[in-house]
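First comes the structure, then the notes that go with it.
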Amino acid sequence: MKKFIILLFTISAYTFLMYAENGYDLWLRYNKIEDNKLLNYYNKLIKEIFFIESSNIEKTAKKELKIALSKLLGKEFNFAYKVANNVVVVGRYNNLPTTIKAIFDMDEIEALGDEGYIIKRIKKNNEFIAITAKGEKGILYGTFHFIRLLLMGENIDNVNIKEIPAIKIRILNHWDNLNRTVERGYAGFSIWDWHRLPDYIDTRYLDYVRANASIGINGTVLTNVNANALVLTRQYLEKVAALANVFRNYGIKVYLTARFSAPKELGYLNTADPLNENVQNWWKEKVKEIYSLIPDFGGFLVKANSEGQPGPQDYGRTHADGANMLARALKPYGGIVMWRAFVYDHNVPEDRAKQAYNEFVPLDGKFDDNVLIQVKNGPIDFQPREPFHPLFGAMPNTPLMIEFQITQEYLGQGTHLVFLAKLYEEVLKSDTYAKGKSSLIAKVIDGSLHNYNITGMAGVSNIGTDINWTGHLFGQANWYAFGRLAWNPYLTSEKIADEWIKLTFGNNEKVLSIIKNLMLASHEIVVSYMTPLGLHHIMGMGHHYGPGPWVDQGRPDWTSVYYHRANEKGIGFDRTTKGSNAVSQYFSPLNEIFNNPETCPEKYILWFHHLDWDHRMKSGRTLWEELCYKYQNGYDSAKWMRQEWEKLKGLIDDERYNHVLMLLKIQEKEAKWWKDACLSYFQTFSKRPYPQGVEPPEKDLEYYKSLKFPYAPGI
Ligand code: BDP
């Protein structure tokens, strides 16, 4: 008996632990709906499921719907085999019973393409909800959307939704190494267990694809852009194939990074020259082998001739020569090449912000039709804030895809709360003026501005082995936001925050409003305490975590002092026509707007201008005062974030409450560290007093300089 009680106790403690809110379920938390009114309402409208499936992806959707409905509505769902009142009918248009088919317009169905869907409550003879699509993936996405409606407590009486993704390739980029470390990863190790693959299939793989498919992501690059050729060996390809087998049923294709020197490194040839026939054949054979194992392999992502990576320029060839060589090997199988534009060279004495444009614009139109150029959102490197990359709009004859960073390399990593949808939205809604007013980045990316034949959005993943996947619970919101914006780049960050909060914390109005305010303010706050007014790349060298505006390492280039250029006269990087002339890479009238300190938006002012410390800002303050004020305001606001969060005590579960609170306390402390370190350093140049209302740094500059960083787990 005693044993039995102990056993019972252990089981219930275990169960309790298992169901603790540890964040593992992400935005797919299928708990029974607590609000009885809502529960009864849904139970009235959703009595049975009539699911017509004819493919594996549809079987997946069927399983997901059954699980979700059974859990949310608290009863076991079975399948019906005919249309009746309050049945949810799910099926591809072609598979629907003729009576239901007649309700839809053929042209409308055609326009849905492979991935679009309709969710509609029909009131004709019977009253029921139909989820239909032209293709199997549409069924999967429509199903997840329907589940999302219920999780968010939406009214479904007259639901009438039509969704078509604006972008074709919606893809995560894992910077995961084969030894399971993750470059710039702050959530543990890589979830790819290469050692035990292909025979051991971790259940995480399944949860990973479920989460991704539920927000419309349809591709994943498994390996780091700083690539290891080993992944192209047979042994590893078999492991990749095992993952692809899991992902396929959720509509997710697998891609790999291709190390340009692989034919050499793997010991087959003594050159990797893209114009060499043996090299071309080697890649053709390799690609053939890949497709024999993974028939729906997506293609390659390539970082070449950047930060020491091998590439076609090693042989005097161009990026186009390199990309096209790989593209031709992939073409017969429908694969693509995503060739990165993140290139810069220490040996080129040119403003780093200008280099990618200089190298790629002359190649416009020279790439094969299965090549995309993958361009980071800004011209330097995922800074807390950058103006958009001038390549957008400047390559009308080459499809450009955008690369956002979801992992927070320069934004407080796994420790600071920053809702990146704000950053993504700011970029996507920026006007390039490439074809006059309203030539938004979103229109470049969705292909509508230049009629691109292929479109894509990539996000550098923040996923790791941590129980909640992303280290910081709010990192999940950035993964979620990326998926939603890749589907629809015109969504607002507010709408995305709204969804994510409801899915993550439930539908309590007060919880929603507190968390939403905090999330929507968070990006501007971080910019203020790290890099206000267009400052950039002043983080500590290498790890990119804390402040390091003094870093010069004896090198004139690519260090903090290179970017901020503070001296006794003033501060900022002169990229005007009188300086590096980076402004000229933007279309008119933006180039003129940026070129003139009177019209340049102040959020970018020190990105484009070197200004006197006494320069008058719009607020009436001097530049020095404004800089001090921004840092102070950033710190004060970080404190405000922590205080706002404290209002949630008792309104959400203690586990997630405490997790986030501890991190917000660190963030507050580190916002002060940023303010104090940066102000004490910049004051050595400005030699002006701290204005009223700005707390002088607590310690002297030498102290901040001497701090070693126990931080930065990512490599
Ligand atoms: C920088 C990272 C570096 C990456 C590089 C890239 O610091 O780790 O390898 O970008 O995107 O942001 O290739």
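Laid out as a table, the results:
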| item | result |
| --- | --- |
| Scope the stretch 235-281; condition closer than 16 Å to residue 209 by Cα, among the polar types (S, T, N, Q) and out of contact with any Ser or Thr (no Cβ under 8 Å at 6 or more places or on another chain); matching residues | 245 |
| Residue 65, sole failed condition from (1) modelled with pLDDT of 95 or more; (2) out of contact with any strand residue (DSSP E or B) (no Cβ under 9 Å at 6 or more places or on another chain) | (2) |
| Residue satisfying condition, being more than 22 Å from residue 148 (Cβ to Cβ) and either free of Cβ contacts under 8 Å to residues at least 60 places away in the same chain or open to solvent by 30 Å² or more (accessible area, probe 1.4 Å) (or both), within set 117, 81 | 81 |
| Residue in the stretch 305-335 that is least open to solvent (accessible area, probe 1.4 Å), counting only those that are more than 16 Å from the ligand (Cβ to nearest atom) and in a loop (DSSP other than H, G, I, E, B) | 335 |
| Test result for residue 180, surrounded by fewer than 21 Cβ atoms within 10 Å (Cβ to Cβ) and on the phi > 0 side of the Ramachandran plot | yes |
| Any hit, the stretch 204-221, residues being within 16 Å of the ligand (Cβ to nearest atom) and surrounded by 24 or more Cβ atoms within 10 Å (Cβ to Cβ) | yes |
| Pair list, Cβ < 9 Å and 6+ apart or interchain, from the stretch 457-474 residues that are over 17 Å from residue 183 (Cβ atoms) and touching a residue at least 40 places away in the same chain (Cβ under 8 Å) to residues that are within 16 Å of the ligand (Cβ to nearest atom) and among the charged types (D, E, K, R) | 457/403 |
| Test result for residue 338, at pLDDT 95 or above, surrounded by 23 or more Cβ atoms within 10 Å (Cβ to Cβ) and within 16 Å of the ligand (Cβ to nearest atom) | yes |
| So residue 287, is it under 14 Å from residue 336 (Cβ atoms) and within 16 Å of the ligand (Cβ to nearest atom) | no |
| Hey, residue 708 of a type in the set (D, E, K, R) and either farther than 20 Å from residue 415 by Cα or part of a helix (DSSP H, G or I) (or both) or not | no |
| Scan of the stretch 588-616 for residues that are over 34 Å from the mean Cα position of the chain (by Cα) and open to solvent by less than 10 Å² (accessible area, probe 1.4 Å), ordered by number | 613 |
| Selection within the stretch 222-235 - buried (at least 23 other Cβ atoms within 10 Å of the Cβ) and within 13 Å of the ligand (Cβ to nearest atom) | 223, 224, 225, 227 |
| Flag for residue 464 being modelled with pLDDT under 95 and open to solvent by less than 10 Å² (accessible area, probe 1.4 Å) | no |
| Enumerated strands (runs of 3 or more DSSP E) restricted to the stretch 89-190, each holding at least 2 residues that are within 16 Å of the ligand (Cβ to nearest atom) | 169-173 |
| The stretch 379-417, residues that are within 16 Å of the ligand (Cβ to nearest atom), among the aliphatic types (A, V, I, L, M) and not in a strand (DSSP E or B) | 380, 391, 406, 411 |
| Residue 90 touching a Ser or Thr at 6+ places or on another chain (Cβ under 9 Å) and at pLDDT below 95 | no |
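The values are calculated or read from the model by the stated rules, or taken from the named source; none is laboratory data. Note that this is a predicted model, so its numbers are computed, not measured. All Cβ positions, glycine included, derive from the backbone under ideal geometry; neighbour counts span all protein chains shown. Note: accessible area is taken over every heavy atom of the protein model, side chains too, but ligands, DNA and RNA are not part of it. Shrake-Rupley method; radii C 1.70, N 1.55, O 1.52, S 1.80 Å.
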